[in-house]
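Reviewing the structure listed below.
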Amino acid sequence: MASATTDDPTGGLDPDRLEQAVLGVAQGQGFSGTVRVTRRGETVFARAFGMASRRWAIPNTCDTRFRVASVSKMFTAVAVLQLVEQRRVHLDDSLADHVKEHMPRLDPRVTVRHALTMTSGIGDWFEEGSPDWEAEWAALTSSHPLYLLRENADYLPLFAGKEPHFPPGERHLYNGAGYILLGLLIESLTGRPYEQVITDEVFARADMTASGFWALDELGPDIAEGYLTPATGPTPYRTNHYTTTPRAAADGGATCSAADLTAFARALRIGRLLDEETTRLALTPQVDERAEKVRGYRWKYGFGLTHLLDDGGTVVRWGHTGEEDGVSARLYHYPRHDVDVAVLGNVSWCAGDMGWAIHDALVNGPAGLDG
C-alpha cells in the first residue's frame with residue numbers, strides 16, 4: 001500500500017473499496033440510512049440510502065437525523081466522567097449514596113464504576129440478553145405502556161424491585177438500568193435535567209449542532225421515521241411509534257446526524273470533552289464482555305464503549321452499537337488509522353452488516369488499510 005501524503009485526507013484509505021462494500025450491503029439487503037467515514041476529521045465517504053419518510057416520500061440524506069438508541073450510552077458515560085473529573089463524584093463511590101431516594105434497595109456495594117462498566121449485577125428494566133427477548137418485550141409492553149416511559153425515573157418500577165443476577169463486580173452483563181441510575185445521578189449532582197446536561201456539556205462542546213432529544217411524537221426537523229418490516233401482512237413497512245420508547249433516557253435514544261457522531265468521536269479522543277488523564281481513562285478497556293473471541297477479536301467493555309482487541313492486546317476498534325425497533329446505529333473509531341465510522345439506519349437491524357462490511361474494507365484484504 002502506498003504511503004499517505006500529509007495533504008491526503010484519506011490517508012491511503014481506498015474510497016472505491018469502501019463504496020463497493022457499502023453498496024454491496026445497501027443493494028443486497030435494502031439498507032435505509034446514511035453512512036459516513038472520516039479520517040483525521042475529514043470526510044472520506046458519505047452516502048445516504050432509502051427513505052426518511054415513506055409516508056411523504058422524503059429520501060434520507062447525509063444530513064438526516066436518526067435516533068441512535070444505545071449509542072447514547074457514550075454521552076452518559078462522558079457526562080459522568082466529567083463529574084468525576086470535577087471531583088463531584090468518584091468512580092468507587094457507592095451508587096446508592098447518590099440515588100437512594102430513587103432505589104432504596106440498591107446494594108450499597110454497587111459503585112459508579114460498576115454501573116458504567118455494566119458489572120453491577122442488578123436486574124435490568126428489560127433483559128436484552130434473553131433468548132426469548134421478543135416474547136418478553138411483547139409481555140413487557142402489554143403490561144407497561146411504552147408511552148409512559150418519558151423520563152429516567154419512569155423506568156424505576158421496571159427494575160427497582162428485581163433481585164440481582166450476581167454480586168457487584170463479578171462479571172459483565174449488558175445492562176441499561178445502571179445507565180438509567182447514572183442519569184439520575186447526573187441530575188442529582190448538577191440540579192439540571194439529564195437532557196440539558198448532555199446538550200450543554202457534550203453536544204455543545206463537541207460541536208454536535210444537529211443533535212437533540214426529540215420524542216417520537218414531536219415534530220423535529222429532518223428526522224427520519226423509524227420502520228419495522230413485519231414478517232406478514234399487506235404493508236411492507238410500519239412505523240415504530242407503538243413499539244419503542246417515545247423519549248430518550250440515559251441508556252439511549254438521542255437523535256443525531258452521522259456528522260455529529262463522528263464529531264463526538266473526534267472530540268472525545270482529542271480532549272475537548274475530558275482532560276488528558278480522564279480521556280485516557282475513558283478510552284481504556286476495563287472488563288471482558290465475553291470469554292470467547294468473536295470474529296477473531298477479544299471484546300472488552302469500558303466506560304460506555306465496547307473495545308475490540310487483537311491477539312497482541314491492541315485496540316483495533318472502539319465504539320458502541322444501538323438497536324431499537326426502527327432504529328439501528330453504529331459509531332466506531334479505529335485508533336491505528338484515525339478513522340471514524342458512523343452508520344445510522346431507520347429500519348430495524350440494518351446497521352450491523354453494514355458496519356462489518358466497512359470494517360472488513362478498512363482492516364482486511366489487499367486493498368484495505370492493512371493490505
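The values are calculated or read from the model by the stated rules, or taken from the named source; none is laboratory data. For clarity, every value in this text was computed on a predicted model and none was experimentally measured. Neighbour counts run over all protein chains shown; Cβ positions are idealised from the backbone, glycine included. The accessibility values were calculated without ligands, DNA or RNA, using every heavy atom of the protein model including side chains. Shrake-Rupley method; radii C 1.70, N 1.55, O 1.52, S 1.80 Å.
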Item checked: Contacts under 8 angstrom Cβ, first residue in segment 125-139 being open to solvent by 50 Å² or more (accessible area, probe 1.4 Å), partner acidic (Asp, Glu), 6 or more apart -> 133/127; 136/127
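Condition first: hydrophobic (A, V, I, L, M, F, W, C) and under 23 Å from residue 66 (Cα atoms). Now tell me which residues in segment 178-215 satisfy that. Walk me through how you get there before you give the answer.
Residues of segment 178-215 hydrophobic (A, V, I, L, M, F, W, C): 180-182, 184-186, 189, 197-198, 202-204, 206, 208, 210, 213-215.
Hits for segment 178-215 are 180, 197, 198, 202, 203, 204, 206, 208, 210, 213, 214, 215.
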Note to self: Can you tell me which residue is most open to solvent (accessible area, probe 1.4 Å) among those in segment 20-57 that are over 18 Å from residue 259 (Cα atoms), modelled with pLDDT of 95 or more and not in a loop (DSSP other than H, G, I, E, B)?
What the structure shows: 20
Item checked: Candidates 107, 97, 92 - the one that is open to solvent by 30 Å² or more (accessible area, probe 1.4 Å) and in contact (Cβ under 8 Å) with a residue 60 or more places away in the chain -> 107
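When the residues of segment 292-312 are narrowed to those that are within 21 Å of residue 178 (Cβ to Cβ) and of a type in the set (A, V, I, L, M, F, W, C), which ends up surrounded by the fewest Cβ atoms within 10 Å (Cβ to Cβ)? So that I can check it myself, show each step before the final result.
Within segment 292-312, the subset within 21 Å of residue 178 (Cβ to Cβ) is 299-307.
Checking which are of a type in the set (A, V, I, L, M, F, W, C) leaves us with 299, 303, 305.
Values: 299: 18, 303: 25, 305: 25.
For segment 292-312, the residue satisfying everything is 299.
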Note to self: Testing residue 358 on (1) touching a residue at least 60 places away in the same chain (Cβ under 8 Å); (2) assigned to a strand (DSSP E or B), one condition comes back false. Which one is that?
What the structure shows: (2)
Check: Only one of these conditions is not met by residue 195: (1) open to solvent by 20 Å² or more (accessible area, probe 1.4 Å); (2) part of a loop (DSSP other than H, G, I, E, B). Which number is it?
Finding: (2)
Notebook entry, point to check: Would you pick out the residues in segment 274-329 that are of a type outside the set (A, V, I, L, M, F, W, C), under 18 Å from residue 128 (Cβ atoms) and in a loop (DSSP other than H, G, I, E, B)?
Noted result: 289, 290, 304, 325, 326
Notebook entry, point to check: Across segment 144-173, which residue is least open to solvent (accessible area, probe 1.4 Å) among those that are over 21 Å from residue 129 (Cα atoms) and out of contact with any helix residue (DSSP H, G or I) (no Cβ under 9 Å at 6 or more places or on another chain)?
Noted result: 145
